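Colleague: Before anything else, here's the structure in question.
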Amino acid sequence: MTEPRSPDFNLIDDLHHQAGRDFSLELFRRLCLSRAFDTRVRQAQIDKDVQTLIYLSVGQESIAAGVSMHHRGAWVLPQHRCHSTYLSFDGRPERLVDELLGLPSGCCAGMGGSPPAADFERRIIGHDGLIGDHVPIAVGVAMAKPEDKVVCFFGDGAAEEDYVLAALGTAASWKSRVLFVCEDNDLSVLTPTRDRRSWNLAEVARAFGLDAVDIADDPWLVAHHAATLTLPALINVRTCRVLWHNGTGQDGPPEWDRFAITKARMAELGLAAEAEAIETECTTQVEDLWQSRLQTRSGN
Amino acid sequence: MAVTVADTIRELTRSHIAETNGMTLGQCLTAVGWVQNTVPAQAEGNHELPMTDVAGAGIAVGAALMGRRPVFVLRFQSLLWLNVSPIVNYAAKSMEIWGVPCPVLVRAIGVEGGGTGPIHSNCNHSMVMSMPGLPVCAPMTPGEYRRIWDHWMSHDDPVLVSEHRRSYLSDRELPDMVKDGAVATIYALSAARFTAEEAVARLEAEGIRVNLVHVLWLKPFDRSPSVLAPLLASGRGLVVDCAYECASAARSIAYELMEATGKPVRALGLEERSPGASRHLENGTPSPERIAAAIRALIAV
């Protein structure tokens with residue numbers, strides 16, 4: 001068995017080969033859009049076009065991309081590091097750019113900045129910035145709308161909040177149709193998990209009665225479990241945050257580079273040229289969008 | 001048969017569940033007494049929460065976002081300290097940040113005495129008043145409860161309802177008492193409205209005429225001319241509440257009254273000590289004696 005902090009943790013061999021061509025291309029497109037978007041946000045803060053706190057998803061994009069492949073249409077509650085979830089679940093990019101630029105046309109009318117991005121019309125429910133307090137809210141959404149599915153993302157630090165554990169237990173008791181997704185980058189700001197707790201979230205979830213797995217952030221693997229677990233369920237996804245907790249800084253290379261690994265797998269599928277084209281297309285699309293919105297802000 | 005405050009809450013809730021897809025959430029709702037007979041004894045629509053304070057409030061917020069207008073019951077106001085975070089940080093901000101209404105009705109029940117001691121014997125409605133987006137009221141009559149309910153059902157705000165067990169068996173309305181020649185005006189909140197009535201009668205017997213204005217909405221406080229007129233006429237005021245004085249609803253309202261009228265207004269609340277469980281150590285709503293003494297001191301200045 002591989003170590004939990006490794007890119008192949010609990011990988012299912014050749015899963016990407018079992019996926020259809022269109023599925024893999026769309027999965028990669030969602031991953032690329034998030035990478036291009038947050039790469040551009042980082043530059044916008046360096047350029048001082050964005051001056052509010054930002055929490056970037058760089059390195060973690062494969063999780064939301066993978067889950068979204070089977071759960072668009074569900075009610076979605078992102079965590080504070082939310083851009084990749086917002087975009088993968090079809091949140092409108094121009095509204096997020098406007099929010100980061102502080103425009104009234106932003107997805108929170110300029111009130112929230114980066115962490116609470118929401119698009120309620122597309123069933124993306126905003127986060128209030130208090131770590132993990134949206135997890136009980138997700139259970140409330142599922143209780144009030146038992147006919148709908150709910151997906152709730154949170155981090156490994158949030159998993160330690162008492163009310164998050166209470167929410168997991170309540171969802172198990174009520175058999176709520178919630179998929180909990182822990183984006184486990186092993187860091188609470190900069191404190192590693194080993195310095196904070198001795199227990200394993202997936203094991204705790206199983207003890208509550210949730211269907212649960214603990215896996216690496218391979219997007220095909222994430223998508224597979226998102227499609228096959230019986231709700232209520234939890235996926236703990238080991239991933240790497242490339243940049244600082246907030247802001248644009250970087251301390252060093254990540255433990256693994258999921259984006260590069262995914263591109264290599266696309267090449268294994270014979271889709272290298274298509275992947276290259278998608279990456280270019282997403283970068284161009286994002287840059288055009290930013291230029292347009294920056295011009296709007298400057299009144300030109 | 002007379003309809004009490006408890007009857008009113010129960011029947012409003014029953015029709016909310018039956019007719020408008022509402023729901024009630026709370027801990028131990030269906031235990032003995034059904035929360036002092038304020039929760040309808042029916043399985044549908046009553047959701048027993050696990051003993052998950054904080055998470056329980058979050059679950060209520062989630063239900064509110066879905067348009068179910070949940071009634072979230074806190075059997076003691078002391079539990080507000082644990083449950084208030086999702087209410088003030090999410091529900092109260094939801095409209096301003098996202099434009100999404102989150103109308104949860106929080107029923108926070110005040111108690112005192114009877115051995116409830118240092119934890120449960122208190123009202124804590126003041127703690128939420130410094131946060132925007134959360135109106136706070138303290139209905140003590142059947143008619144007032146219907147009014148605040150109608151307000152909640154017709155608006156998008158969450159509402160914090162500071163209830164008090166002292167009111168539950170009451171079936172009467174509490175009209176303001178405004179008199180010619182009054183030398184002071186009492187603005188009474190929550191359970192202090194009952195003791196203030198007694199204080200006014202005692203003072204009247206001594207030849208001291210005092211107005212009594214009943215305050216339903218703690219926030220926003222009603223500064224209309226009819227509310228201010230008794231104070232302007234009498235020249236001095238006293239705000240009485242069943243909560244502590246420091247950073248309190250009573251002092252906040254006293255400030256608003258002074259600002260609006262230029263007249264001196266003082267605040268009176270619990271003594272600055274923890275209440276004990278034993279009877280001689282209780283620390284409840286200001287008694288008629290304490291209120292009367294405060295008025296005498298006020299008019300002696």
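The values are calculated or read from the model by the stated rules, or taken from the named source; none is laboratory data. All values reported here derive from a predicted model rather than from experimental measurement. A quick note on method: Cβ atoms are made from the backbone with ideal geometry, for glycine too, and the neighbour counts reach across all protein chains shown. Protein only, heavy atoms only, side chains kept; ligands, DNA and RNA dropped before computing areas. Shrake-Rupley method; radii C 1.70, N 1.55, O 1.52, S 1.80 Å.
Colleague: Filter the stretch A:7-34 down to the residues that are open to solvent by 10 Å² or more (accessible area, probe 1.4 Å) and in contact with a Gly (Cβ under 9 Å, 6 or more places away or on another chain) and list them by number.
Modeller: Passing the criteria: A:21, A:30.
Colleague: Can you pull out every residue in the stretch A:208-230 that is surrounded by 14 or more Cβ atoms within 10 Å (Cβ to Cβ) and small (Gly, Ala, Ser)?
Modeller: A:209, A:212, A:216, A:223, A:226
Colleague: Still on this structure, I have one more. One residue is enough: does the stretch A:79-91 have a residue meeting the conditions among the aliphatic types (A, V, I, L, M) and in contact with a Gly (Cβ under 9 Å, 6 or more places away or on another chain)?
Modeller: Checking the stretch A:79-91: not a single residue is among the aliphatic types (A, V, I, L, M) and in contact with a Gly (Cβ under 9 Å, 6 or more places away or on another chain).
Colleague: Still on this structure: Please work out which residue is farthest from residue B:277 (Cα to Cα), limiting yourself to the stretch B:110-121 and to residues that are surrounded by fewer than 23 Cβ atoms within 10 Å (Cβ to Cβ) and touching a helix residue (DSSP H, G or I) at 6+ places or on another chain (Cβ under 7 Å).
Modeller: My answer is B:111.
Colleague: Quickly run through the stretch B:163-175 and pick out the residues that are open to solvent by less than 80 Å² (accessible area, probe 1.4 Å), under 21 Å from residue B:249 (Cα atoms) and either touching a Cys at 6+ places or on another chain (Cβ under 6 Å) or of a type outside the set (S, T, N, Q) (or both).
Modeller: B:163, B:164, B:174
Colleague: More than 14 Å from residue B:298 (Cβ to Cβ) and open to solvent by less than 10 Å² (accessible area, probe 1.4 Å), is that true of residue B:186?
Modeller: no
Colleague: Just to be sure, is residue A:248 in contact (Cβ under 8 Å) with a residue 12 or more places away in the chain, surrounded by 15 or more Cβ atoms within 10 Å (Cβ to Cβ) and over 25 Å from residue A:72 (Cα atoms)?
Modeller: Yes: the conditions hold for residue A:248.
Colleague: Is it the case, given these coordinates, that residue B:296 is among the charged types (D, E, K, R) and touching a residue at least 40 places away in the same chain (Cβ under 8 Å)?
Modeller: Here the answer is yes, as residue B:296 does meet what is asked.
Colleague: Taking the condition of being part of a loop (DSSP other than H, G, I, E, B) and either assigned by TED's automatic domain parsing to the domain that holds residue B:210 or over 27 Å from residue B:231 (Cα atoms) (or both), how many residues in the stretch B:151-179 meet it?
Modeller: Summing the residues that are part of a loop (DSSP other than H, G, I, E, B) and either assigned by TED's automatic domain parsing to the domain that holds residue B:210 or over 27 Å from residue B:231 (Cα atoms) (or both) in the stretch B:151-179 gives 8.
Colleague: So which helices (runs of 4 or more DSSP H) stay within the stretch A:82-190 end to end and still have 1 or more residues that are without any contact (Cβ under 8 Å) to a residue 12 or more places away in the chain and either within 9 Å of chain B (Cβ to nearest Cβ) or open to solvent by 30 Å² or more (accessible area, probe 1.4 Å) (or both)?
Modeller: Hits in the stretch A:82-190: A:134-144, A:162-174.
Colleague: Return only the number of the condition from (1) open to solvent by less than 10 Å² (accessible area, probe 1.4 Å); (2) free of Cβ contacts under 8 Å to residues at least 24 places away in the same chain that residue B:154 does not satisfy.
Modeller: For residue B:154, the failing item is (1).
Yes/no matrix, rows are residues, columns are (1) assigned to a helix (DSSP H, G or I); (2) crowded, with 17+ Cβ neighbours inside 10 Å; (3) touching a Gly at 6+ places or on another chain (Cβ under 9 Å):
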site: A:194; (1), (2), (3): yes, no, no
site: A:203; (1), (2), (3): yes, no, no
site: A:236; (1), (2), (3): no, yes, no
site: A:254; (1), (2), (3): no, yes, yes
site: A:260; (1), (2), (3): yes, no, no
site: A:285; (1), (2), (3): yes, no, no
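Colleague: Taking residue A:276, is it touching a Lys or Arg at 6+ places or on another chain (Cβ under 7 Å) and open to solvent by 70 Å² or more (accessible area, probe 1.4 Å)?
Modeller: Spelling it out, it is not the case that residue A:276 is touching a Lys or Arg at 6+ places or on another chain (Cβ under 7 Å) and open to solvent by 70 Å² or more (accessible area, probe 1.4 Å).
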